[in-house]
Amino acid sequence: CNGWNDSANAIATVVSTRVLKPWQAVAMNAILNFVGALASTAVAKTIAGKFVDEQIMTTAGVGAAMLAAAAWVTLC
């Protein structure tokens with residue numbers, strides 16, 4: 001869900017000001033979101049180390065949380 005809501009705002013700005021063509025804005029956004037997700041794991045490590053109890057959270061729990069987050073963002 002990284003940037004699901006923010007991507008539209010970033011793309012709309014550069015397209016409406018004619019800085020980039022729509023396909024260029026979408027391509028740049030997709031590439032940079034992917035690179036950003038791979039560039040740093042600091043937030044994930046902080047959440048995993050300070051907020052998540054490894055004894056309670058399972059892979060199924062993480063998957064359910066991701067699906068719930070995607071559904072919530074889509075609904076909003």
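The values are calculated or read from the model by the stated rules, or taken from the named source; none is laboratory data. If you're wondering where the values come from, they're calculated on a predicted model, not measured in any experiment. Glycine gets a Cβ as well: all are built from the backbone with ideal geometry, and neighbour counts include every protein chain shown. Accessible surface is based on the protein model in full, side chains and every heavy atom, while ligands, DNA and RNA are left aside. Shrake-Rupley method; radii C 1.70, N 1.55, O 1.52, S 1.80 Å.
Points to keep in mind about this one:
- For beta carbons closer than 7 Å, sequence separation of 6+ or different chains, a first residue in segment 28-48 that is in contact (Cβ under 8 Å) with a residue 12 or more places away in the chain and a second that is β-branched (Val, Ile, Thr), the qualifying pairs are Asn29/Ile11.
- Count of residues meeting criterion [loosely packed, with under 10 Cβ neighbours inside 10 Å, under 17 Å from the mean Cα position of the chain (by Cα) and not in a helix (DSSP H, G or I)] in segment 1-43: 2
- Considering segment 44-76, the residues that are more than 16 Å from the chain's Cα centre (by Cα) and polar (S, T, N, Q) include one that is nearest to Ser7 (Cα to Cα), namely Thr46.
- Residue, surrounded by the fewest Cβ atoms within 10 Å (Cβ to Cβ), within segment 44-66, restricted to residues that are in a helix (DSSP H, G or I) and of a type in the set (Ser, Thr, Tyr): Thr59
- In segment 67-76, residue modelled with the highest pLDDT [restricted to those that are assigned to a helix (DSSP H, G or I) and open to solvent by 100 Å² or more (accessible area, probe 1.4 Å)]: Leu67
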